[in-house]
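Following: one structure in structure tokens, then a few remarks.
The values are calculated or read from the model by the stated rules, or taken from the named source; none is laboratory data. Here the structure is a predicted model, which means the values were calculated and not measured. Reconstructed Cβ throughout: ideal geometry from the backbone, glycine too, with neighbour counts over all protein chains shown.
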Amino acid sequence: MLDSTRPQRDPRLEPLFDDDSHTVMEACLDLVKVVFDDPELEQELIELLETTLDEGEGFCSGVLCSVLLLGEVRSAPATSVILRCLQQDDEVLQRASIRTLQRIGSPAFDAVIELLRDFELDGELAAVAIECLEGVSLHDLPQSREAIEECLRADLMRPQMPIQRTEATALALAHLGVVEAIEIIERVLDRDFPDGNAFITDALDLLRDHPQGLSGFAEDPIESVLRWLSAEILPSAELEQAILLDPEEDSAC
């Protein structure tokens, strides 16, 4: 039962919280065109996420689609709430948040770099934050790209960082095609991993084989992302997860 004290949603958002997964997917696709031209609806999506995070009730299909929609419109005002979503202990929500932060652009990259200034940050969280920075390849932002590459190279050289953070940094440099980082990655591999490290070795191989870099899942159409998630596949992640559009979870919203 819905909380009677909760502000009423815009009727256009109601289909996102339907029990039928097909209805939810179709509603999400339909709303992409609407939110582009409606700042008030964009703001309502942001407030919906803020309320959900504050109440800690879980992340149903409507919430996850709201994250994706804000990415489709590259909503700069959503940066802070999407960064909060990224830090939740929910892998599906994290994947959606990565995609959205990558698509937002400069404000998101600045916020992620600021987050990474905390060298005590949990290694797994740092890794997903670093993946967000790969989205600079979607944009014509030379200053942001320069700041990101500088941040990644400096991060890679710091000793005694969590392994997940070092691995993610090397892979991000590879995905961005920063061939100048090859020497640094080799040095880190020799210094910190005398027995080898598969992820960092993969990063070196990627840079050598694809010096122009590789595109990420943020470039794929939202239709593909919704299909992956509804099929229990997390885009750009090597694991399976509970279905995004799970009717049993919708009751949380």
>> Can you pull out every residue in region 43-84 that is surrounded by 18 or more Cβ atoms within 10 Å (Cβ to Cβ), more than 17 Å from GLY135 (Cα to Cα) and either of a type in the set (A, V, I, L, M, F, W, C) or in contact with a Pro (Cβ under 7 Å, 6 or more places away or on another chain) (or both)?
In response: LEU45, ILE46, LEU48, LEU49, PHE59, CYS60, VAL63, LEU64, CYS65, VAL81
>> With aliphatic (A, V, I, L, M), modelled with pLDDT of 95 or more and in contact with a Gly (Cβ under 9 Å, 6 or more places away or on another chain) as the only criterion, which of LEU101, LEU121, LEU173, LEU115 stands out?
In response: LEU101
> Which of the residues belonging to region 1-31 are at pLDDT 90 or above and among the acidic types (Asp, Glu)?
Replying inline: GLU14, GLU26, ASP30
>> Could you list, ordered by first residue, the pairs with Cβ atoms under 8 Å in which the first is in region 4-24 and buried (at least 18 other Cβ atoms within 10 Å of the Cβ) and among the aliphatic types (A, V, I, L, M) and the second is assigned to a loop (DSSP other than H, G, I, E, B) and modelled with pLDDT under 85, at least 6 apart or interchain?
In response: VAL24/LEU245
> Is it true that some residue in region 85-103 is in contact (Cβ under 8 Å) with a residue 40 or more places away in the chain, within 14 Å of the chain's Cα centre (by Cα) and over 25 Å from ALA168 (Cβ atoms)?
Replying inline: no
> Any idea which of THR51, THR79, THR23 is closer than 17 Å to GLN102 by Cβ and among the hydroxyl-bearing types (Ser, Thr, Tyr)?
Replying inline: THR79
>> Here's a check for you: in region 150-170, which residue that is in contact (Cβ under 8 Å) with a residue 40 or more places away in the chain and within 21 Å of SER215 (Cβ to Cβ) is surrounded by the most Cβ atoms within 10 Å (Cβ to Cβ)?
In response: ALA168
> Restricting attention to region 50-80, which residues are over 14 Å from the mean Cα position of the chain (by Cα) and part of a helix (DSSP H, G or I)?
Replying inline: GLU50, THR51, THR52, LEU53, ASP54, GLU55, SER61, GLY62, VAL63, ALA76, PRO77
>> Restricting to region 31-43, count the residues that are more than 16 Å from LEU64 (Cβ to Cβ) and assigned to a helix (DSSP H, G or I).
In response: 7
> Of all residues in region 72-92, which are farther than 14 Å from LEU45 by Cα and of a type in the set (Asp, Glu)?
Replying inline: ASP89, ASP90, GLU91
> Has region 187-209 got at least one residue that is surrounded by 17 or more Cβ atoms within 10 Å (Cβ to Cβ) and within 23 Å of ILE104 (Cα to Cα)?
Replying inline: no
> In region 31-38, is there at least one residue being surrounded by fewer than 19 Cβ atoms within 10 Å (Cβ to Cβ), under 19 Å from CYS85 (Cα atoms) and within 20 Å of the chain's Cα centre (by Cα)?
Replying inline: no
> Cβ-Cβ below 6 Å, separation at least six or inter-chain, first residue in region 204-222 and at pLDDT 90 or above, second of a type in the set (Val, Ile, Thr) and not in a loop (DSSP other than H, G, I, E, B): which pairs?
Replying inline: LEU204/ILE185; LEU207/VAL179; LEU207/ILE182; PRO211/VAL179
>> Looking at (1) under 27 Å from THR52 (Cα atoms); (2) modelled with pLDDT under 95; (3) basic (Lys, Arg), which one does ARG84 not meet, given that it meets all the others?
In response: (2)
